[in-house]
Amino acid sequence: MNYELLFLKSLLLTVLIETAVLCLFFRLVVKMKNISLPQLAFTGIVASMATLPYLWFVLPNYIDQRIWYVIIGESFAVLMETFIIGAMLRVNLPKSFLSSLACNMVSFLTALLINLP
């Protein structure tokens with residue numbers, strides 16, 4: 001399978017997982033009822049689509065060791081999505097950081113499970 005098609009499949013899966021986790025996080029953990037489900041869904045889509053292309057197409061040109069790629073890439077995704085979520089949902093930094101961390105952890109662990117030998 002070519003790299004671009006694999007990216008599109010990964011993007012779809014990432015958007016679905018991270019958006020679902022974001023919605024559940026704000027409904028069950030933060031319990032903010034003033035943020036609508038469509039607003040949460042749109043924020044999840046934007047956050048994932050804003051960071052994943054960098055992880056697939058930019059970062060590999062600069063980092064060739066897998067462990068550093070994962071550490072730097074996931075840290076980048078969490079930080080950027082923290083600011084995107086905070087700005088779009090108008091929530092404070094701790095809430096946006098924890099939601100971003102939860103979204104990326106679930107997404108990363110799902111990818112690990114899918115790619116088990």
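The values are calculated or read from the model by the stated rules, or taken from the named source; none is laboratory data. Source: prediction; values computed, not measured. Note: ideal-geometry Cβ built from the backbone for every residue, glycine included; neighbour counts use all protein chains shown. We work out accessible area using only protein heavy atoms, side chains counted, and drop any ligands, DNA or RNA first. Shrake-Rupley method; radii C 1.70, N 1.55, O 1.52, S 1.80 Å.
Say R0 is 25 Å: what FRET efficiency, to the nearest 0.05, do Leu16 and Ile67 get from their beta-carbon distance? Write out the running numbers ahead of the final one.
Details: r = 27 Å, r/R0 = 1.08.
My answer for the efficiency is 0.40.
Modelled this way, with points 7 Å down the Cα-to-C-beta line, the labels at Phe57 and Ser75 are 2.5 nm from one another. Carbon-plus-sulfur accessible fraction, the chain (probe radius 1.4 Å, protein heavy atoms only): 73%.
Of the peptides 50-62, 78-90, the ranking by mean beta-carbon count within 10 Å, highest at the top, reads 78-90, 50-62.
Over all other residues within a Cβ to Cβ distance under 14 Å of Glu74, the charged ones net out to -1, with Lys and Arg as +1 and Asp and Glu as -1. Across segment 1-96, the relative contact order, built from alpha-carbon pairs under 8 Å that are at least six residues apart, equals 27 percent.
Residues in the chain average 63 Å² of solvent-accessible surface per residue, probe 1.4 Å, ligands and nucleic acids excluded. Every helix of 4 or more DSSP H residues in the chain counts as -39500 (n - 2.57), and over all residues that averages to -25000 deg cm²/dmol at 222 nm.
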